[in-house]
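The values are calculated or read from the model by the stated rules, or taken from the named source; none is laboratory data. Everything numeric here is computed off the predicted structure, so don't read it as measured data. Every residue, glycine among them, receives a Cβ derived from its backbone with ideal geometry; neighbour counts consider all protein chains shown. Heads up: the accessible areas ignore ligands, DNA and RNA and are worked out on the full protein's heavy atoms, side chains in. Shrake-Rupley method; radii C 1.70, N 1.55, O 1.52, S 1.80 Å.
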Amino acid sequence: KRLAVFVSGGGSNFRAIHAATQQGAMAGEVAVVVSNAPACGGCEYARQHGIPTLTYPAPKDSPGEGLGDEELVQQLTLEYGVDIVVLAGYLKLIPPGLVRAFKRRILNIHPALLPAFGGKGYYGGKVHRAVVASGARFSGPTIHFVDEEYDTGPILAQAVVPVYPTDRPEQLAARVLKEEHRLYPLCVAALCDGRVTWREDGIPIMWTAH
Ligand code: GRF
């Protein structure tokens, strides 16, 4: 399967997924990387590995630089023949046209146990501070399918890590990120292999390979 990976920052989840494709742990290959920040670490890594990059949305100060909403969908479907879209630390909204074009084929990862601590207010490092402040004893990554809103699509997988009341946010962030790098490639691989089925009430089920 051909993957489009969307990044905005360091791209550590993208690197974990790319590594899995290189180790034959996934029946997929990263065909293109999309970012709102072409100078970010994720795009740098893509360039180093000969993976094409697209800019979406266009940076505010240079509107000519990026693709429009329809152009993005055209590029991903017709130019790059993408089958699955993977949002990995991507901080912008994706256009409704893309959600429609890739129904049940767009994944996102959120570094907390949705539906708790979800939504735009918790983007970036803020979520971990809020989790520690809440006194929660567990946190962890949530991988979900994307619908038109932020962080509200059907959950595919979660993993838990302990939260210690003495944690600084960056300690929790690192503990969660490690789990993200383990869990996300497993989810993308399952989607590539057709090992995800849907309950009639719209809940996805991931079948692990034995
Ligand atoms: C990290 O906070 C991660 O928890 C979340 O997005 C941020 C950047 O991830 N998913 P990445 O290193 O760019 O994949």
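Against the numbered list (1) in a strand (DSSP E or B); (2) of a type in the set (A, V, I, L, M, F, W, C); (3) more than 16 Å from the ligand (Cβ to nearest atom), Ala209 comes up short only at (1).
Name the residues in segment 47-62 that are of a type outside the set (A, V, I, L, M, F, W, C) and assigned to a loop (DSSP other than H, G, I, E, B), would you? If the condition is that a residue be of a type outside the set (A, V, I, L, M, F, W, C) and assigned to a loop (DSSP other than H, G, I, E, B), then His49, Gly50, Pro52, Tyr56, Pro57, Pro59, Lys60, Asp61, Ser62 are the ones that fit. Entry remark, segment 18-46: residues being closer than 21 Å to Lys92 by Cα, more than 9 Å from the ligand (Cβ to nearest atom) and assigned to a helix (DSSP H, G or I) number 4 in total.
Applying the set (1) surrounded by 15 or more Cβ atoms within 10 Å (Cβ to Cβ); (2) outside any loop (DSSP other than H, G, I, E, B) to Leu78 leaves exactly one unmet item: (1).
Contact annotation: residue pairs with Cβ atoms under 6 Å, 6 or more positions apart or on different chains, pairing a residue in segment 173-192 that is within 15 Å of His110 (Cα to Cα) with a partner that is part of a helix (DSSP H, G or I) and modelled with pLDDT of 95 or more, are Ala173/His128; Glu180/Asn13; His181/Ala16; Tyr184/Asn13; Pro185/Ala16; Pro185/Ile17; Pro185/Ala20; Val188/Ile17. A single entry from Arg15, Arg2 fulfils the requirement of being touching a Gly at 6+ places or on another chain (Cβ under 7 Å) and under 22 Å from His144 (Cα atoms): Arg2. As a summary of the residue check, Ser35 satisfies the conditions (1) crowded, with 17+ Cβ neighbours inside 10 Å; (2) more than 16 Å from the chain's Cα centre (by Cα) except for the one numbered (2).
Sort out which residues of segment 102-140 are open to solvent by less than 40 Å² (accessible area, probe 1.4 Å), outside any loop (DSSP other than H, G, I, E, B) and either closer than 22 Å to Val34 by Cα or not hydrophobic (A, V, I, L, M, F, W, C) (or both), and write them in order of number. Of everything in segment 102-140, those that are open to solvent by less than 40 Å² (accessible area, probe 1.4 Å), outside any loop (DSSP other than H, G, I, E, B) and either closer than 22 Å to Val34 by Cα or not hydrophobic (A, V, I, L, M, F, W, C) (or both) turn out to be Ile106, Leu107, Asn108, Ile109, His110, His128, Ser139. Number of residues in segment 39-68 that are within 19 Å of the chain's Cα centre (by Cα), within 21 Å of Ile106 (Cα to Cα) and not aliphatic (A, V, I, L, M): the value is 7.
Filtering segment 145-201 to residues that are part of a loop (DSSP other than H, G, I, E, B), more than 15 Å from the ligand (Cβ to nearest atom) and either in contact with a Pro (Cβ under 6 Å, 6 or more places away or on another chain) or among the hydroxyl-bearing types (Ser, Thr, Tyr) (or both) leaves Glu148, Thr152, Pro154, Tyr164, Thr166.
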